[in-house]
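**Student:** Could you have a look at this structure, given as structure tokens, before my questions?
The values are calculated or read from the model by the stated rules, or taken from the named source; none is laboratory data. Since this is a predicted model, take the numbers as computed values, not measurements. Methodologically, a virtual Cβ is constructed for each residue, glycine included, from the backbone with ideal geometry; neighbour enumeration extends over all protein chains shown. Remember, those area values only see protein heavy atoms, side chains included, never the ligands or the DNA or RNA. Shrake-Rupley method; radii C 1.70, N 1.55, O 1.52, S 1.80 Å.
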Amino acid sequence: MKKWISLVSIILVLMSCSNHDQSVHFDHVELVAPGAVGGGADLTARTMQHVLQQEVMDVPVSVVNKTQSQGEEAWRYVQQLEGGNVISGNSSLLITNHLLGQSQLTYKNFTPLAILATEWEVIVVPASSSIMTMKSLMDALKENHHPLKIGLSPRLGNDDHLSFVQAAQKAKVETSRLAFYVYGSSHGVLDALQENEVQVAPMSLSEAKDAYERGDVRILGVSAPRRLAEFNDVPTWKEEGIDVVFSHWRGLMGPPNMTQEEIDYWNQAIYKMVNTKAWKQLLKENDFYPFYKNSSGASVFLERQSKLYEELMSGK
């Protein structure tokens, strides 16, 4: 009899866990894109909208664009809400805006829901450059005379900038002497490389891809943990002796004080979404790579990223 009661208890617990989010029902879902229509954040949100409506949810899903202040407008909007039916995309801007004194918000003001995908960072030089490897680049940066000019966009404190700083620190370069020149766009940086206004540039792989395939630039290394299948001739930073893996990630978060049932609901929905063919096709078409982490994984990741970015921006 005791064994029977025990078995029934186990079954009831399992049923309770599997139906933990069944009490959550939204009349609609709103995805907030922290950027203009046509941009990366908007593209991510609209692909999510399509996949969630077609393959995951049975409620309307809408996209709202908030374009002001490098994501700040979107995040302040979500931070003031209650309930879990409105969620927002996020990125490293959530961390760097705060560290640069441009926002009071941090990831702690929200409920982390997921890390979705990543781009990888690359370091490029003109195809005609005498710099052939990451090692020779770092050796050149250590020289005291005629420092190399480093181009980046659209501002200091972004992932292009911080990834380069971290790589240089690992190579024992005095980063306070690095000479950065800021341009309005990656196209401006690539033009500056061709005109020899700058000699080297960090940027995301998607920004460098076309110029690399045309033969305009040479990619010295990629910040991924292993070589990428479609760029198998490009070594990783680790292979070049720089023990750094740097992800240019995109994630999701909701308002503060979401219930555990709401978090569970989104964990299940997002897990289903990232495993669909449509989502995987989006990643492929836009040179993004799978980097999925659920709510608890996203919380740990954001804490670690915040510490890393703070160290990089303080020069520690």
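**Student:** What is the log10 of I(q)/I(0) for region 162-316, computed with the Debye formula using one identical point scatterer on each Cα and no solvent, at q = 0.15 Å⁻¹?
**Tutor:** For region 162-316 at q = 0.15 Å⁻¹, log10 I(q)/I(0) is -1.01.
**Student:** What number, in percent, do you get for the relative contact order of region 33-184 if the mean sequence gap of Cα pairs under 8 Å and at least 6 apart is divided by its residue count?
**Tutor:** 17
**Student:** Please work out the Cα convex hull volume for region 57-213 and give it in Å³ per residue.
**Tutor:** 149
**Student:** Take the cross-link list Lys142/Lys293; Lys149/Lys238; Lys209/Lys280; Lys209/Lys293; Lys209/Lys277 and give me the ones stretching past 28 Å between alpha-carbons.
**Tutor:** Working: Lys142/Lys293 38 Å; Lys149/Lys238 23 Å; Lys209/Lys280 19 Å; Lys209/Lys293 26 Å; Lys209/Lys277 24 Å.
Listed pairs above 28 Å: Lys142/Lys293.
**Student:** Just the accessible area for Met132, please: 1.4 Å probe, Å², rounded to the nearest 10?
**Tutor:** Approximately 110 Å² for this residue.
**Student:** Given only helices, namely DSSP H runs of n ≥ 4 each adding -39500 (n - 2.57), what is the per-residue ellipticity at 222 nm of the chain, to the nearest 500 deg cm²/dmol?
**Tutor:** The per-residue figure over the chain is -12500 deg cm²/dmol.
**Student:** List, in order, the whole-Hz ³J(HN,Hα) value for each residue of region 197-204 obtained from phi through the Karplus relation with A = 6.51, B = -1.76, C = 1.60 and θ = phi - 60°; use x for Gly and Pro.
**Tutor:** Going residue by residue, I get 5, 10, 10, 7, 8, x, 6, 6 Hz, with x marking Gly and Pro.
**Student:** Another question about this same structure. Quick check: from the Cα gyration tensor, does region 270-316 come out rounded (a/c under 1.5), prolate or oblate? Display every interim value, and only then the final one.
**Tutor:** Values: a/c = 6.44, a/b = 1.96, b/c = 3.29.
Taking the square roots of the gyration eigenvalues as a ≥ b ≥ c, region 270-316 is oblate.
**Student:** Give me, ordered by chain and number, the residues 5 or more places off Val63 or on other chains with an amide H under 5 Å from its own placed amide H.
**Tutor:** Leu31
**Student:** Quick check for you: with a 1.4 Å probe and neighbouring chains kept, what is the accessible area per residue of the chain, in Å²?
**Tutor:** Accessible surface, normalised per residue, equals 49 Å².
**Student:** Quick one: what are the phi-derived ³J(HN,Hα) couplings along region 222-233, Karplus 6.51/-1.76/1.60 with θ = phi - 60°, whole Hz, x for glycine and proline?
**Tutor:** 10, 7, 6, x, 8, 4, 8, 4, 7, 10, 5, 7
**Student:** With θ set to phi - 60° and the Karplus curve 6.51 cos²θ - 1.76 cosθ + 1.60, what are the ³J(HN,Hα) couplings of region 44-54 in order, to the nearest whole Hz, using x for Gly and Pro?
**Tutor:** 4, 5, 6, 5, 4, 3, 4, 5, 4, 5, 7
**Student:** Now, a different point. Amide H to amide H under 5 Å from Arg218: which residues, 5+ apart in sequence or cross-chain, H placed 1.01 Å off N in plane?
**Tutor:** Those lying under 5 Å, H to H, from Arg218 are Val125, Ala127.
**Student:** Continuing with the same structure: For the chain, give the share of DSSP beta bridges that are antiparallel, in percent and rounded to the nearest 5; count only bridges with both residues there. All intermediate terms of the calculation are to be shown ahead of the outcome.
**Tutor:** Values: 24 of 38 bridges.
Taking every DSSP beta bridge within the chain, about 65 percent pair in antiparallel fashion.
**Student:** Amide H neighbours of Ile242 under 5 Å, at least 5 residues apart or on other chains, H built in the peptide plane: list them.
**Tutor:** none
**Student:** Give me the net charge for the shell around Asp58: Cβ to Cβ below 13 angstrom, other residues only, Lys and Arg +1, Asp and Glu -1.
**Tutor:** The answer is -1.
**Student:** May I have the extent of the alpha carbons of region 225-316 along their three principal axes, as whole Å values ordered from largest to smallest?
**Tutor:** Between the extreme Cα coordinates on each principal axis of region 225-316 lie 46, 39, 16 Å.
**Student:** Checking the cross-link filter: which aspartates and glutamates have an alpha carbon closer than 20 Å to that of Lys284, excluding same-chain neighbours under 8 positions apart?
**Tutor:** Asp42, Glu55, Glu119, Glu121, Glu207, Asp210, Glu213, Glu230, Asp233
**Student:** On to the next question. Relative contact order for the chain: what percent, with Cα pairs under 8 Å and sequence separation of 6 or more? Working shown, then result.
**Tutor:** On the way: 546 pairs, mean separation 83.5, N = 316.
Once divided by the residue count of the chain, the mean separation gives 26 percent.
**Student:** Using the alpha carbons of the chain, what is the convex hull volume per residue in cubic angstrom, as a whole number?
**Tutor:** 161
**Student:** Taking every alpha carbon pair in region 144-236, what does the distance histogram look like in 10 angstrom bins from 0, in percent?
**Tutor:** All Cα pairs, binned at 10 Å, distribute as 15, 49, 33, 3 percent.
**Student:** Next question. What ranking do 173-185, 50-62 get when scored by the average of other Cβ atoms within 10 Å per residue, highest first?
**Tutor:** Those peptides, ordered most packed to least, come out 50-62, 173-185.
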